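Report on the following structure.
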Amino acid sequence: MPGKTKLRQELEARGIRDVSLCLYPLKAAEAASTRDIFHYHIEKCGGMAVSSALLGAAHIDRLINRRNRIFARATSSTAEALHNRNDKTAQAFVSYVGEFNGPRFGSHLLLGDTALTFAFFRNPFDRLVSHFYYDCRRGNITAPPGPDSFAAYIRSPENICFQTQMMASSPYDGGNEAALLDEALSNTGKLDIAELHHRMEQALLEIWTVFDLPGIVAERLHSNAAKPYDFEAFRDEIEKRNWADYRLVDFVTAEPRHLMQFTEHDLNCMMLPQYFGVVSDTQSDEGALMVGKVCRSETLVRAIAEPDTHSVADIFRRAD
């Protein structure tokens, strides 16, 4: 996909560089898609940013545009609840976190076989280091961060070929990576969108266009603050243990899946939707707390143009 959207260019030209996602429809749709949306959230592949954007869009559409949309950050139990929801006309937006000892790929079928499915993938070394520090910060690892605790972490079964495991439905038995990879490659090839996580915005613009969703400007999530070790010495071991993940990421790199292609003309279109959600991140060591406001497009554009607007938080304060 060429270039950046006109609004993204404007944000960066104004020096506002802490935007994780800037989303809005790039083409006029005859009718918004009525399919459910099912995001396979592979942890540490940008899933929280996707969740906040889907949540914001569903909320605005429900309250302002009167579209019957519901959002859920789901595990298998909440996906089952959505399947059994009383209002069968409600359009579900789901961000689904797979479970090492439970259901993973295939859970979208709880919504029926017509749901739009997508996932993002990441370099296995980078994803694993990020996941380690995330688990340290959340208290899931009791030992202090360092080479010893990291070595134990990367050798744990749930952290070996993690992305491959999440895109397969068969359990990992400690030696079936080749079979899981075959399954993961087949399943990834069935997704409507499969992309690398650093191309997330370009891929999500396709969903925002097909579903005619309200605009979203979201602040970049705070990264793990303390990373005293880079763990470069473990790269060879990680590549050996996670060879299937590297094959899976290579597959997505070579054969990404998309709903549509945009032209430079599409990207430069500034026919903004009537409403935008502005999402500000106040993540702390206790967890993420994302807060949002809804404003009209013209209010957003004015807020961006203010000379003392330097961040999404500044836009958020002015988005009334």
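Just so you know, all these numbers are worked out from the coordinates, no wet-lab data involved. Not measured: the values here are computed from a predicted model. Positions of Cβ are generated from backbone atoms using ideal geometry, with glycine treated the same way; all protein chains shown enter the neighbour counts.
Some observations on this one:
- Sequence of THR34, THR188 once ranked by neighbouring C-beta atoms within 10 Å, starting from the fewest: THR34, THR188
- Separation in nanometres of the label points that stand 7 Å from Cα toward Cβ, at THR142 and THR34: 5.4
- Here the residues ILE304, ILE207, ILE238, ranked from fewest to most Cβ neighbours within 10 Å of their Cβ, fall in the order ILE304, ILE238, ILE207.
- Dipole magnitude (debye, nearest 20) for the chain, charges at Cβ of Lys, Arg, Asp, Glu: 820
- Using distinct alpha-carbon pairs, which all enter the 1/r mean, Kirkwood radius of the range 2-44 in Å: 13.5
- Helix runs (DSSP H) in the chain reaching 18 Å along axis by Cα, Kyte-Doolittle at least 0.5: 47-63
- Projected label points at THR89 and ALA305, each 7 Å from Cα along the beta carbon direction, are separated by 4.1 nanometres.
- Taken about its Cα centre, the range 163-245 carries a charge dipole of about 160 debye when Lys and Arg each add +1 at the Cβ and Asp and Glu each add -1 at the Cβ.
- Once the Cβ-Cβ distance of HIS265 and GLU237 is raised to the sixth power relative to R0 = 56 Å, the FRET efficiency obtained is 0.70.
- Residue of ALA90, ALA143, ALA218 that the Gaussian network model of the chain assigns the largest fluctuation, springs spanning Cα pairs under 10 Å: ALA143
- Within a Gaussian network of the chain (alpha carbon springs, distance under 10 Å), most fluctuating of LEU191, LEU109, LEU54: LEU109
- Farthest toward positive dipole pole in the chain [+1 Lys/Arg, -1 Asp/Glu at C-beta], among LEU272, PHE71, GLY174: LEU272
- Descending semi-axes in Å of the chain, equivalent ellipsoid built from Cα gyration tensor: 32, 24, 18
- Residues of type aspartates and glutamates that LYS227 reaches as a straight line, Cα spacing below 19 Å, ignoring anything fewer than 8 places off in the same chain: GLU43, ASP126, ASP135, ASP148, ASP285, GLU286
- Antiparallel %, DSSP beta bridges [both residues in the chain], to 5: 35
- Comparing THR209, THR263, THR309 in a Gaussian network model of the chain where C-alpha atoms under 10 Å apart are linked, the largest mean-square fluctuation is found at THR263.
- Here the dipole of the range 109-214 is about 380 debye; that uses its Cα centre as origin and unit charges on the Cβ of Lys and Arg (positive) and Asp and Glu (negative).
- Violating pairs (Cα-Cα greater than 23 angstrom) within the set LYS6/LYS27; LYS4/LYS27; LYS27/LYS190; LYS6/LYS190: LYS27/LYS190; LYS6/LYS190
- Maximal additional length on extending the SER170-THR114 stretch stands at 17.9 nm, based on 0.36 nm per residue less the C-alpha distance.
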